[in-house]
Each structure stands twice: as C-alpha cells, then as structure tokens.
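Undergrad: Handing you a structure now.
The values are calculated or read from the model by the stated rules, or taken from the named source; none is laboratory data. Everything numeric here is computed off the predicted structure, so don't read it as measured data. Here the Cβ positions follow ideal geometry from the backbone for every residue, glycine too, while neighbour counts run over all protein chains shown. Only protein heavy atoms, including side chains, enter the accessible area calculation; ligands, DNA and RNA are left aside. Shrake-Rupley method; radii C 1.70, N 1.55, O 1.52, S 1.80 Å.
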Amino acid sequence: MSIENLDNLVKTGNMQIEEPSGPELDGLCQSAIAQLGDSKNAGLNLESRFALAYGASHSIALAALRFRGYRCSSRQLVFQCLRFTLDLPAEQCRIFVNAHRARNLAAYEGHLEINLQLVESLIRVTESAVQMLDELIEYNS
C-alpha cells in the first residue's frame, strides 16, 4: 500500500488529512454491514438491491479511508483509493468504480444499467472489503 499516493492527493487538494474517529468508523461499518445484509434479499427488486449494495460499498470504502486518516468528498475517488487503503486488487476496485458509474447514470440521467451480475459482484467485493477492514482494525487495536 502506498500512503504516498494518498498524500499526493492531499497536496493537490483532492483530499484532506483528518484523524480517524472511532464513533464515525463504527457507524460507517455498521451501516455497511446492515445494507450489505439487506442487499442479499432476493425478494427485493434489482434496483433496490443495487442501491443497498452500493450504499454498503461506499460506507466501507469511506471507513477504510477514514481509518487511514484521510477524508474526501468525491465518491469516485473514495472508491479508487481502495487500492491504497485496503490494498484491494485492481479488478476489485474496477467493480466499485463500475457500480459508481451505474449509480450516477441512474441518479442523474435516469439510465439504469444494472444487472444481476453487477449486483452480485458488488456484494462479493464489498464483503471482501468489510472483512479486510475488520482484520485491519483488529490488527491495529
């Protein structure tokens, strides 16, 4: 993991350094876990499952960034930083970025490009990110 990459984003003004907050991390992690669990409910329509999985993915990505002592308001950048905050492989980061793109198309242009494969992939990589962050927090406690 390269903290230098995150520090470079601070230098360009795209991110800020901010001490992590235990209650904030707890809240973000709890939100991610709850939304992730709900996203697995096959009785919900696909768009609802996607919205829940996306919400969980953003919460855990933001928690990972906050755990490292950074804050950023760009959702896309929060997802891209998972390469550095959790050392996620590039292919998993692409799933988060693709989900973000699909979310933006749906939210801002009314164009739904959501399919079951995207939702299931997003759930899978978000579960992996939750596990990795949990292990990281446990290791540093």
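Undergrad: I'd like the carbon and sulfur percentage of the solvent accessible area for the chain, probe radius 1.4 Å, heavy atoms only, ligands and nucleic acids excluded.
TA: Details: 3600 of 7500 Å².
Looking at the chain in its full context, I get 48 percent from C and S.
Undergrad: Counting Lys and Arg as +1 and Asp and Glu as -1, what is the net charge of the other residues whose Cβ lies under 12 Å from the Cβ of PHE67? List each step's numbers first, then the result.
TA: Working: positive: ARG66, ARG68, ARG71; negative: GLU18, GLU19, GLU24, ASP26, ASP134, GLU135, GLU138.
Here the count lands on -4.
Undergrad: Would you calculate the convex hull of the Cα atoms in the chain and tell me its volume per residue in Å³?
TA: Numbers: hull volume 14.2 nm³, N = 141.
So the per-residue Cα hull volume is 101 Å³.
Undergrad: Using a 10 angstrom cutoff on alpha carbons, build the Gaussian network for the chain and name the most mobile of ALA106, ALA42, ALA56.
TA: Comparing ALA106, ALA42, ALA56 in the GNM, the peak value goes to ALA42.
Undergrad: In addition: Along the positive direction of the dipole of the chain (beta-carbon charges: Lys, Arg +1; Asp, Glu -1; about the Cα centre), which of ALA42, LEU25, GLN76 reaches farthest?
TA: Result: GLN76.
Undergrad: Using the crude model of +1 on Lys and Arg Cβ and -1 on Asp and Glu Cβ, and no other charge, please compute the dipole size for region 1-114 relative to its Cα centre, in debye to 20.
TA: 160
Undergrad: Turning to a different aspect of this structure: For region 5-66, take every pair of Cα atoms, bin their distances at 10 Å starting from 0, and report each bin as a whole percent.
TA: P(r) for region 5-66, in whole percents per bin: 23, 36, 26, 13, 2.
Undergrad: Can you send over the solvent-accessible area of ARG101, 1.4 Å probe, protein chains only, in Å² to the nearest 10?
TA: Surface accessible to solvent at ARG101 totals approximately 130 Å².
Undergrad: What does the helix-only formula give at 222 nm for the chain: each DSSP H stretch with n ≥ 4 adding -39500 (n - 2.57), the total divided by the residues, and the result rounded to the nearest 500 deg cm²/dmol?
TA: Value at 222 nm, helices only, nearest 500: -24000 deg cm²/dmol.
Undergrad: Could I ask something else about it? Roughly how tilted is helix 22-39, in degrees to the nearest 10 and between 0 and 90, from the longest Cα axis of the chain?
TA: Between the helix axis and the principal axis of the chain, the angle is about 20 degrees.
Undergrad: Still on this structure: With everything on Cα atoms, drop me the angle between helix 46-67 and the longest principal axis of the chain, reported from 0 to 90° to the nearest 10.
TA: 0
Undergrad: When the scattering of region 54-133 is computed by the Debye formula from its Cα atoms alone, each counted once and equally, what is log10 I(q)/I(0) at q = 0.11, 0.21 Å⁻¹?
TA: Debye curve over Cα of region 54-133, log10 I(q)/I(0) at q = 0.11, 0.21 Å⁻¹: -0.25, -0.89.
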